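Following: one structure in structure tokens, then a few remarks.
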Number of protein chains: 4
Amino acid sequence: MNTFGINLRLTTAGESHGPAMCAILDGMPAGIHADFDTLEEAMRRRAPGGKFGSPRREPDKVDILSGLYRGITTGAPIAFLIRNRDVRSEDYESISTVYRPSHADYTYQARYGHTDPRGGGRASARETSLRVAAGAIAQWALAPRGIDCAAFTMRVGSEAIPSEFVDFSQDDIWSSPVYCPHKPTSDSIEACLHSVASQGDTVGGIVGGRITGLPAGIGEPIYGKLHARLAAAMMSINAAHGFDYGMGFDGCCGLGSELNDVFDPDGHGGISLRTNHSGGIQGGISNGAPITFRVGFKPIPTLGRSQSTVARDGSIAILEPRGRHDVCALPRAVPVVQAMARLVILDSLLSPKL
Amino acid sequence: MNTFGINLRLTTAGESHGPAMCAILDGMPAGIHADFDTLEEAMRRRAPGGKFGSPRREPDKVDILSGLYRGITTGAPIAFLIRNRDVRSEDYESISTVYRPSHADYTYQARYGHTDPRGGGRASARETSLRVAAGAIAQWALAPRGIDCAAFTMRVGSEAIPSEFVDFSQDDIWSSPVYCPHKPTSDSIEACLHSVASQGDTVGGIVGGRITGLPAGIGEPIYGKLHARLAAAMMSINAAHGFDYGMGFDGCCGLGSELNDVFDPDGHGGISLRTNHSGGIQGGISNGAPITFRVGFKPIPTLGRSQSTVARDGSIAILEPRGRHDVCALPRAVPVVQAMARLVILDSLLSPKL
Amino acid sequence: MNTFGINLRLTTAGESHGPAMCAILDGMPAGIHADFDTLEEAMRRRAPGGKFGSPRREPDKVDILSGLYRGITTGAPIAFLIRNRDVRSEDYESISTVYRPSHADYTYQARYGHTDPRGGGRASARETSLRVAAGAIAQWALAPRGIDCAAFTMRVGSEAIPSEFVDFSQDDIWSSPVYCPHKPTSDSIEACLHSVASQGDTVGGIVGGRITGLPAGIGEPIYGKLHARLAAAMMSINAAHGFDYGMGFDGCCGLGSELNDVFDPDGHGGISLRTNHSGGIQGGISNGAPITFRVGFKPIPTLGRSQSTVARDGSIAILEPRGRHDVCALPRAVPVVQAMARLVILDSLLSPKL
Amino acid sequence: MNTFGINLRLTTAGESHGPAMCAILDGMPAGIHADFDTLEEAMRRRAPGGKFGSPRREPDKVDILSGLYRGITTGAPIAFLIRNRDVRSEDYESISTVYRPSHADYTYQARYGHTDPRGGGRASARETSLRVAAGAIAQWALAPRGIDCAAFTMRVGSEAIPSEFVDFSQDDIWSSPVYCPHKPTSDSIEACLHSVASQGDTVGGIVGGRITGLPAGIGEPIYGKLHARLAAAMMSINAAHGFDYGMGFDGCCGLGSELNDVFDPDGHGGISLRTNHSGGIQGGISNGAPITFRVGFKPIPTLGRSQSTVARDGSIAILEPRGRHDVCALPRAVPVVQAMARLVILDSLLSPKL
């Protein structure tokens, strides 16, 4: 299943070491003004080559092939390419003969029988570059409506933002080299990443999400609940191992009397909320408060150390470290989480109406 | 969106206080033998009226209308009804004039403008009775393949199964009045529920999931990852606030060198795993190890206490406790989690093939 | 695939001789007033027992189980049942041991291995009763918008409405016992049906369709063209063998200079059309002119004569006439065509919008 | 809706005068050997520049970006591009200010408000080049199973193949310059096209379809009937105005006693058919006989003559002939019909199975 979304559908294709990554975004409304700065900025934030990312250098230029006329969307599907330029498949030749631990090599082999092993092939996180581009395009329609989807580094290893730190801006996020808006935590995460990298190890982390500006009444009931769709979106990102929203897993141990969000009249016939344990969603539909969620990422499984494993022929093998890899899914996962949130929110806004 | 699934599609309808809950399960393969005991047993486990459930008494008889001939599935869609018998709408008359805190009353109103407020209407957890029935029907196809989907109470409030307790049977689960297979924890959860109930309060909890017998190679890549579909399934259950699998959120703080699952040759050209931090899934596709996950549930928002809130006319109101409600989403959520797992797994097995 | 539609989804279940036909209509907007007269009238028009229909007597009462509150739709899915009361399965006992010529018995057996043979089982045209009900419910939303979907008997055997006869009302259709608005043709079709029936034979026919009141700009491009969706809808009706629209197959032999629809200014910045060879659709999207189409139905394959065939065990068999059957798919197919048009049009109006 | 298919999904993008046409074909099974000759041959047959096609010269080279490794499919989505090289947008400048009669200019404007008018933009038949490529890729999986999808020119204007001429090969089709396997009709169609072209006019025609080698039991019941899916596929092709199968519209005037297909034992416990009025499909599911159908195409609306019309500003305008266009949708529609048949058949074979 290489398509995401219902009313706004992103279909992606491409392997890590093929000629290009390719996507078609279908369902964008007509009449939306393109903002190429937003697009390029988003791509830069996810691009490899950062301080803690793999040294692979990809300009990650997005080549839009359709769906725009004179800089405005036409309602036609938007196809775009990202060329794979800095491909060194030879790095992966030794790797391709073994099943890398906690990677998808073995399961893809079990599923398909014949796979492209170069650089992880279809399972590579390079696919997420297309998501980031699509999310930035979705943002063209969200921005004029005052809807903001923020993602940020909440935790890496044992370094975490204090829970009471909730008031920050997009600038606070992106000005941190690790996309962590809380300066002291940002510093300690940097130190942590350096330390883990120096040991040839990798580490996991948690990305926070916050969506503001969404009016009440957006989302679907029952199987299309807004948080269920966010969960599916986030869990589809490489290395994601957990999702919760609002009070999340912490709230699962609490009492109703403490965690209910009391309604107050807003003075205009509507409601306001004293607290936001519900994370902006009740019964799967937005209530107008900020939507808050977390996405947990496991440590990246490619280590800078030798690992025991099994070769494709079934024999014992040693996987020696090669290629170019990240120390942590964060901070590069942050713009991916943001992009998936943008896609889910625009899709939800685009519900069928008379 | 009242349909769940791709190859196996469950569509549900019905409100808490309407004449009946109704579902159509489409995509069941032909030639599967019906097992009505499995179906009735599943319904009984979710049925209201237990020690910790609401006192509403529903026999929850599933009336199958189609798709079976001489006790064997025909490949035609299976429609079924569950009648709502013990409906006391008058209990909800006062409630229907106010927005209950942390319920879906307000968001449904914002979304639809006109809703059925009786007993939560469409947003009521009564809808999950249909999921349990559908999951039991799916089980008819899973059982002969040796696939077992277990769900169990892992935690309520601060009472939790010790993490090292992993070896238990379905019988261990269902013989506990709170569906907790660890006897000492089961006892303390019972005590906790009594205590919370006596204070007119409610409490949250965590349901564990474990799927065994699934061969390697099941699941879809990218946007249809097995864990993403499980996440969407579980997060669509009323009151669910979090999902993780394998190492989950805990692993998000660990190191790759500790959490990678080392492959060993299984002696038959395949692999075995030394650990299962991946929770049986790599790259979205099963690796043959047990699939393990957790679903967190918030405290049920309906309290046995007065609560301040807002009336539908925008004025301040007091919500007095009325009607019949549960103290905790667990244990009744346990068979619902099991049912959703069964639906996801059978759907995944039913992938398009030449 | 037992679901029809994208934004408005009808899922049906039920076999001819099971306890009930069952459907769920999902996607109906909230706030639409129910009109039970429209519903009952539509059901009566399709009901068996007419002059030329099978003598099976079914009141075909539609029992709505959900989705309405105080006579107004809530946006929740609308489930409904039609009980099968006058079931005489013994009529079909002999039939069920042979493959009836030009029926679906053989192909269902090849597809499913185990099928319900009673009265055609799932393949019976009784399924269309659910479509008629769903179409009538869709009409609740179309009527206030001034959109009218008409279907009518255009031809039976060699008796056809003159091509220049295009100006008629819904009353003209339904006041004819064969749903043919042209009185002389209606009379000759009646005579034709009597004659064919008296010979134990059956005959084919053509249903015309006309949709008025639809504004320009409705429909999807490329694979979701309005006429492609109408084609799929109509070809899914039992016994349908052909669909065309506008100039149809006749125009396929003509010249562009004769068949182009010339635009004129409508005096308000828009257009009017001198002709309607395009049948109200250009590029898959409505142009504001009436949508016109035809649906061809083969002769019903169940004859009042002995037929040579093959038994399920592979031996030669003689199929003796039994049971209760129609002489012609028309006129009963007329309200079914109307219903499918209503579903397609409301689905198209319900397109995703910001 | 720019995606076609359920189990095999083709998503297309691209406008006539944009940089490239782009598609993603998702759902191709793994392990299928690529056959680039089949692909290039199919593209050549649809390519512009033929005797009766537009003089636009496009090599129509298909650039596959993903989904293949060492010439074998991997189960990953297959993205491909066709560059638009010979773009002369200036030809369309005058055109873009008026609504061309019987084109989609007006309806796209009504639907989207902002469209790409160059060369028909998204509505151009250039989109069908992607369908032909996708169909050829589908054929890689069909050929080894002995399944053959043929399309051929059956009629242009009043020149038609005799109905008794049914025995011909793919070679007979493609060796005709107008893809008509009956040599005398091929000759008269050539003459007809020359004559029509010389008058600056265009003409319609009918493409026949024939699918052989498909086993019995393929297809879905009710709303996914094989002929309903073929109808939707064919009616989504530019200029298509009609679809019928088997006996088609002709049979709609006949008697059941003449048109029923009598079953005979095939001597192996199965059946054979004396006739094939059902066109290989009963109840929406294949019966093992050849599937036969027809697709009617209207005359191409772009004439080599002046036409009266309306400008985008609402004033009266004259459309002068410019640009490069075909005389008839045939023969170039023939490989498109073939491609859509291939996609539907492979999709149907790829049904979900345990």
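The values are calculated or read from the model by the stated rules, or taken from the named source; none is laboratory data. Since we're looking at a predicted model, the values are computed, not measured. All Cβ positions, even for glycine, are placed from backbone atoms using ideal geometry, and neighbour counts span all protein chains on display. Just the protein is used for accessible areas: all its heavy atoms, side chains included, with ligands, DNA and RNA removed. Shrake-Rupley method; radii C 1.70, N 1.55, O 1.52, S 1.80 Å.
A few comments on the model shown:
- Cα gyration tensor, segment B:216-290 - rounded (a/c under 1.5), prolate or oblate: oblate
- Per-residue Karplus couplings for segment B:283-291, computed as 6.51 cos²θ - 1.76 cosθ + 1.60 with θ equal to phi - 60°, are listed in order as x, x, 10, 5, 10, x, 7, x, 8 Hz, Gly and Pro entered as x.
- Teacher prompt: A:Lys183 distances to equivalent labels in other copies, 7 Å Cα→Cβ, nm: 5.9, 9.0, 9.2
- Charge tally for B:Phe263 (other residues, Cβ to Cβ under 15 Å; Lys, Arg +1; Asp, Glu -1): -2.
- Spacing of the two label points (7 Å from each Cα toward its C-beta) at D:Asp264 and C:Arg322, in nm: 2.7
- Taking only protein heavy atoms and a 1.4 Å probe, the accessible area of the protein assembly as shown is 50% carbon and sulfur.
- Peptide D:119-131 is shielded by partner chain Cβ atoms: per residue, an average of 2 of them sit within 10 Å of its Cβ.
- Taking a straight line from the alpha carbon of D:Lys225, these lysines sit under 27 Å away, with near neighbours fewer than eight places off in the same chain left out: B:Lys353, C:Lys225, C:Lys298, D:Lys298, D:Lys353.
- Take the accessible area of chain A alone and of chain B alone, subtract that of the pair, and you get about 7600 Å² summed over both chains, using a 1.4 Å probe.
- In this structure segment C:3-349 gives 31 Å² per residue of accessible area when probed at 1.4 Å with all protein chains present.
- C:Thr292 - accessible surface, heavy atoms, 1.4 Å probe, Å² rounded to 10: 40
- Computed over segment B:3-349: relative contact order in percent, which uses C-alpha pairs under 8 Å that are six or more apart: 23
- Surface calculation, 1.4 Å probe, protein heavy atoms: C:Phe293 sits at approximately 10 Å² accessible.
- For segment C:3-349, the spread of Cα positions along the three principal axes, ordered from largest to smallest, is 69, 50, 37 Å.
- Computed 3J(HN,Hα) for segment B:104-120, one whole-Hz value per residue from the Karplus formula 6.51 cos²θ - 1.76 cosθ + 1.60 where θ = phi - 60°, is 8, 4, 5, 5, 5, 4, 5, 7, 10, x, 9, 9, 8, x, 5, x, x, glycine and proline marked x.
- Peptide D:4-17 is shielded by partner chain Cβ atoms: per residue, an average of 5 of them sit within 10 Å of its Cβ.
- Average beta carbon contacts from partner chains per residue of C:294-307, 10 Å cutoff: 5
- Amide H contacts of A:Asp264 (H built 1.01 Å from N, under 5 Å, at least 5 apart or other chain): A:Ser272, A:Leu273, A:Arg274
- With the label put 7 angstrom out from Cα along the Cα-to-Cβ vector, D:Gln199 ends up 4.1, 8.6, 9.2 nm from the copy partners, going from closest to farthest.
- From phi via Karplus (6.51, -1.76, 1.60), per-residue ³J(HN,Hα) for segment D:39-48 in Hz, x at Gly/Pro: 5, 5, 5, 4, 5, 4, 5, 8, 4, x
- As a calculated quantity, the FRET efficiency between C:Arg85 and D:Arg274 at R0 = 35 Å, using C-beta atoms, amounts to about 0.35.
- Under a model in which nothing but the beta-carbon of Lys, Arg (+1) and Asp, Glu (-1) is charged, the protein assembly as shown shows a dipole of about 0 debye around its Cα centre.
- If R0 equals 35 Å, the separation of the Cβ atoms of D:Gln170 and A:Asp35 corresponds to a calculated FRET efficiency of about 0.10.
- Segment C:155-265, dipole about Cα centre (Lys/Arg Cβ +1, Asp/Glu Cβ -1), debye to the nearest 20: 400
- For the pair A:Leu354 and A:Ser163, the difference between a 0.36 nm per residue extended length and the Cα-Cα distance amounts to 64.5 nm.
- In this structure, B:Ile72 and A:Ser308 have a Cβ-Cβ separation that, at R0 = 56 Å, corresponds to a calculated FRET efficiency of about 0.70.
- Net charge dipole size for chain D [Lys, Arg +1 and Asp, Glu -1 on Cβ; Debye, nearest 20]: 800
- Electrostatic tally near B:Arg342: other residues with Cβ closer than 11 Å to its Cβ, Lys and Arg +1, Asp and Glu -1, net -1.
- Distances in nm from A:Leu354 to the matching label points in the other copies, shortest first (labels 7 Å along Cα to Cβ): 2.4, 4.4, 4.8
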